[in-house]
Amino acid sequence: MALFQKLPSSQPDRRSAQRYKVDCPARLKMLGGDREGRLSDLSEAGARFDTDNPPSEGVSGLLSWNGHEFFGKIVWANENSCGLVFERNIPISVVDDTAQAIEVQNGPVANFGNIPVARRGRRASLVSGSE
């Protein structure tokens, strides 16, 4: 009998594939009706779908985005998003394609000259415009 045995992990890692942050419009098609939302996380094994009034855990549906459609099951849900596990792993090429097509909203670049400078004692410091 060995003095040191490796004990089985009581909390196995649920994720078998690397996840990618994405941001694209998506639709979850279910028997009870479709939900519009955004895909915010994607891997070969599953996805995170952000939507108002997400479906309950255990509901199955077809997740559709950027011309791709894959069947999955809701494994968790909260107030504004849910997690799906795909019936079968999706091709890594679809994950790569989605991750490369991230919609980034660029705002205007801040003009440093527009930031007010206040003087306190001998040092200048930046202050917010809400004071």
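The values are calculated or read from the model by the stated rules, or taken from the named source; none is laboratory data. Just so you know, these numbers come straight off a predicted model, no measurement behind them. Counting neighbours? That spans all protein chains shown, and the Cβs are built from the backbone with ideal geometry, glycine included.
Looking for something assigned to a loop (DSSP other than H, G, I, E, B) and either touching a Leu at 6+ places or on another chain (Cβ under 8 Å) or modelled with pLDDT of 95 or more (or both) - is there at least one such residue anywhere in the range 5-15? Spell out how you get there, then give the answer.
Going through the range 5-15, the residues assigned to a loop (DSSP other than H, G, I, E, B) turn out to be 5-15.
Right, trim to either touching a Leu at 6+ places or on another chain (Cβ under 8 Å) or modelled with pLDDT of 95 or more (or both) and you get none.
Checked against the condition, which is being assigned to a loop (DSSP other than H, G, I, E, B) and either touching a Leu at 6+ places or on another chain (Cβ under 8 Å) or modelled with pLDDT of 95 or more (or both), the range 5-15 yields no hits at all.
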>> Just to be sure I understand, how many residues within the range 16-41 are aliphatic (A, V, I, L, M), modelled with pLDDT of 95 or more and part of a strand (DSSP E or B)?
In response: 3
> Looking at (1) in contact with a strand residue (DSSP E or B) (Cβ under 6 Å, 6 or more places away or on another chain); (2) surrounded by fewer than 16 Cβ atoms within 10 Å (Cβ to Cβ); (3) assigned to a loop (DSSP other than H, G, I, E, B); (4) modelled with pLDDT of 75 or more, which is the only condition Phe71 fails?
Replying inline: (3)
